[in-house]
There are 2 protein chains.
Amino acid sequence: VIAVDANGADQGPAAVAEGVRRSRVPTLLFGPRMELLSAGDLAELVDAPETIKAGDEPVAAVRSRRDASIVQAAAAVGEGRAEALVSAGSTGPTLAAGTISIKRIRGVFRPALAVLLPVPDGPVLLLDAGASVQARPEHLVQFAYMGACFMQACVGVERPRVGLLSVGEESGKGTPEILAAHDRLAEGTLDFAGNVEGFDLPRATVDVVVADGFSGNVALKVLESTVKTLTGEIADRVRSGPVSATGGLLIRGKLRGLRDQLDPERVGGAILLGLRKPVVVAHGSFGPRGIESAVRLAQRAVSEDMVGRTAAALESAGALRSAPAGSVVGATSETSSDA
Amino acid sequence: VIAVDANGADQGPAAVAEGVRRSRVPTLLFGPRMELLSAGDLAELVDAPETIKAGDEPVAAVRSRRDASIVQAAAAVGEGRAEALVSAGSTGPTLAAGTISIKRIRGVFRPALAVLLPVPDGPVLLLDAGASVQARPEHLVQFAYMGACFMQACVGVERPRVGLLSVGEESGKGTPEILAAHDRLAEGTLDFAGNVEGFDLPRATVDVVVADGFSGNVALKVLESTVKTLTGEIADRVRSGPVSATGGLLIRGKLRGLRDQLDPERVGGAILLGLRKPVVVAHGSFGPRGIESAVRLAQRAVSEDMVGRTAAALESAGALRSAPAGSVVGATSETSSDA
């Protein structure tokens, strides 16, 4: 069973319910009940009309508003009534509710937001895409293992090649944090490609790109927006004028395949890695097809035991936070407020 | 007179000489003399076959190899024999030679690499695109004024709108450095748009985007590479199959305009801001047309007194580094080795 928060999608809760129905996955579906009726027999509806908006301060809102749909949905996962969380709303509240209720894997410093980039020769996994705004070397090292385990478990890449985002390919290029993370990853057990550059994201030269949340967020948004701006310009030009309209008609079939490849709804949104259960954050713009992909992605993460494999990989790599004996690391309710 | 280093271009010094000839601007042209003969009557040739490669450590190479063409060309500008520098080679040695020989404007902390992004509704100036890898708030503030002055002087934007690259539009989003720079720019004299996101670069929502050199470098490379990957995919698809070849023929004229708009050779490469004379770094891939644009850009920066206007704007904004009385700030030969 997967908990789904239907609030926050641009197209409204009914579009989320329709996506849930199409997925044919059993769900606990949270949102305004009357708008969720199309979700089908496999969905158990929980009336939760209250929503946390993107503008609210996430941690404070999650702590104070126990009735909000994302808080209820995350609690259902935390309490074991569901095996994964899918949110159709904004990232901040999902990250806060997930960290508080579902909690981090023991020894994980902080969750990372991972996005499968829809590029022609991809997918490429980029993380952190903005769960935090800064990263210490030990965070980047954990992100690398978390991303590799996701690609193994959920995308079926047997031995993912992992690159570290920097300003040059040479190992000496980058911030002090990048240089330190590079050294530790080079000694580790991953198939580590060393530094990669911004060029490598659209070219899909590696399977996983590890970045601090600031430059990862910038990279993701530049890439998405460049694709959208360019394909929009091309569509405008193809449509304008009679001769080109004929040309456009002839060419449309060829470009449709590319558009599908570049479509974020195909990959199902972002995933929060490092928590004790899988959490998928659908893009606010997603319609039913995108929500369907998001639910399927969460289901795959559960059935492939992504979390268990991640914890094991981090442990065997010695990348977990070491804690004084007897302390209960990871069970705190601490969360990052900078998301 | 503009000093041009012809070494380092992918297409060789002869392509640079051809670009210089087409620009019809008087130059001092440094490189292997026998390959520069096509540069025309307005070019004074200086035989300088020695080149500093991208892999060399730039500051050490510039200091030890006085005969290298970029060192000689920068020295010509520093000594007043030329009014600006154009380099066809790599950024690192140009930055090092420029900082050492041409020096920073008094009170400028460090130069920034600024790039005019070729986007459909642009151009948009992005800086710093990688002269440094980290930036303190006072650096970001200087970059904002330097970028605005460039857009006024060289692109003719009367009152450039300036944004600060971060992970969200709200003023509270970003690293501590971004937040501090935001506060200072909000109180300043620029037309400050506040934070912008990665989305805003291809959309051209502002005229100048200020970034630290790390995320600026990532953003630039992601954007360039996404444009290249996408237009390459489209060209492949348009060419494949007989029906589409017909469609492609009909549509080609329409797309050519877009290709021209997106063409980096049109804008002439990157410019180093914050030095006492204009320095333009052409893209290594440029042919004669790109070099011609680069020389013209340098000439425009000279004739519009970009440097004088930048120094005046920084001073009136109170953004210059304050120095103890009697010290000669900006006249040191200190340079950044992290470029």
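The values are calculated or read from the model by the stated rules, or taken from the named source; none is laboratory data. If you're wondering where the values come from, they're calculated on a predicted model, not measured in any experiment. Heads up, the Cβs are rebuilt from the backbone with ideal geometry, glycines too, and the neighbour counts pull from every protein chain shown. Accessible surface areas use protein heavy atoms only, side chains included; no ligands, DNA or RNA. Shrake-Rupley method; radii C 1.70, N 1.55, O 1.52, S 1.80 Å.
Once Lys and Arg get +1 and Asp and Glu get -1 on their Cβ, which of B:T99, B:S166, B:T189 lies farthest toward the positive end of the dipole of chain B?
Value computed over the given set: B:T99.
Can you pull the mean other chain C-beta count within 10 Å for peptide B:130-136?
Average neighbour count from other chains, rounded to a whole number: 3.
Given the options B:S64, B:S101, B:S166, which has the most mean-square fluctuation in a GNM of chain B, springs set between C-alpha atoms less than 10 angstrom apart?
B:S64
Any chance you could tell me what percent of the C-alpha pair distances in the protein assembly as shown go past 35 Å?
46
Enumerate the whole-percent occupancy of each 5 Å bin, from 0 to the last occupied one, for all C-alpha pair distances of segment A:51-155.
2, 12, 20, 21, 20, 15, 8, 2, 0
So who's got an amide H within less than 5 Å of the one on A:I52, skipping anything under 5 residues away but keeping other chains? H placed 1.01 Å off N, in plane.
So A:I52 has HN proximity to A:S69, A:I70.
Provide a whole-number value for the mean count of partner chain Cβ atoms within 10 Å of the Cβ atoms in peptide A:227-236.
If you average over the peptide's residues, the count of other-chain Cβ atoms is 5.
Would you pull out the residues with amide H under 5 Å of B:V108's amide H, same chain only if 5 or more places away, H placed 1.01 Å from N?
B:R321
Using a 10 Å cut-off around each Cβ of peptide A:209-218, what is the average number of partner chain Cβ atoms that fall inside?
If you average over the peptide's residues, the count of other-chain Cβ atoms is 6.
In nm to one decimal, list the spacings between the A:G156 label point and its equivalents in the other copies, with label points set 7 Å along Cα to Cβ, shortest first.
5.7
With label points built 7 Å along Cα→Cβ from the Cα atoms of B:A204 and A:R136, find their separation and express it in nm.
With each label placed 7 Å out from Cα toward Cβ, I get 4.4 nm.
Using the Karplus curve 6.51 cos²θ - 1.76 cosθ + 1.60 with θ = phi - 60°, what ³J(HN,Hα) values do you get for each residue of segment B:40-48, in whole Hz, with x for Gly and Pro?
Whole-Hz 3J(HN,Hα) from phi for segment B:40-48: x, 5, 7, 9, 9, 7, 10, 5, 8.
What accessible area, summed over both chains, is buried at the A-B interface (1.4 Å probe, Å², nearest 100)?
4600
What nm distances, shortest first, do you get from the label point of B:P26 to those in the other copies when the point sits 7 angstrom along Cα to Cβ?
Computed spacing set for this position: 8.6 nm.
For the protein assembly as shown, what is the number of Lys pairs with C-alpha distance below 20 angstrom, counting only pairs 8 or more positions apart or on separate chains?
Qualifying lysine pairs in the protein assembly as shown: 15.
Per residue, how much accessible surface does segment B:82-228 expose to a 1.4 Å probe? Answer in Å², no decimals.
27
What residues qualify as long-range amide H neighbours of A:R161, i.e. H under 5 Å apart, gap of 5 or more or another chain, H built at 1.01 Å from N?
A:D207, A:V208
Measuring nothing but label to label, 7 Å from Cα along Cα→Cβ, what are B:T205's distances to the other copies in nm, shortest first?
Ordered by increasing distance: 3.1 nm.
Nothing charged except the Cβ atoms of Lys and Arg (+1) and of Asp and Glu (-1): what's the magnitude of the dipole of the protein assembly as shown about its Cα centre? Round to the nearest 20 debye.
860
To the nearest 20 debye, what is the magnitude of the charge dipole of chain B about its Cα centre, counting +1 on the Cβ of each Lys and Arg and -1 on the Cβ of each Asp and Glu?
520
State, to one decimal in nm, how far the label point of A:E187 lies from the label point of B:D47, with both points 7 Å from Cα in the Cβ direction.
Each label point lies 7 Å from its Cα, and together they span 5.3 nm.
Given a 1.4 Å probe and every protein chain left where it sits, what share in percent of the accessible area of chain A is carbon and sulfur?
Percent of accessible area from carbon and sulfur atoms in chain A: 49.
Would you calculate a helix-derived [θ] at 222 nm for the protein assembly as shown, using -39,500 (n - 2.57) for each DSSP H run of n ≥ 4 and dividing by the full residue count, to the nearest 500?
For the protein assembly as shown, the value works out to -13000 deg cm²/dmol.
Over 20 Å intervals from 0, what percent of Cα-Cα pairs in chain B sits in each interval?
Once binned at 20 Å, the Cα pair distances of chain B give 32, 56, 12, 0.
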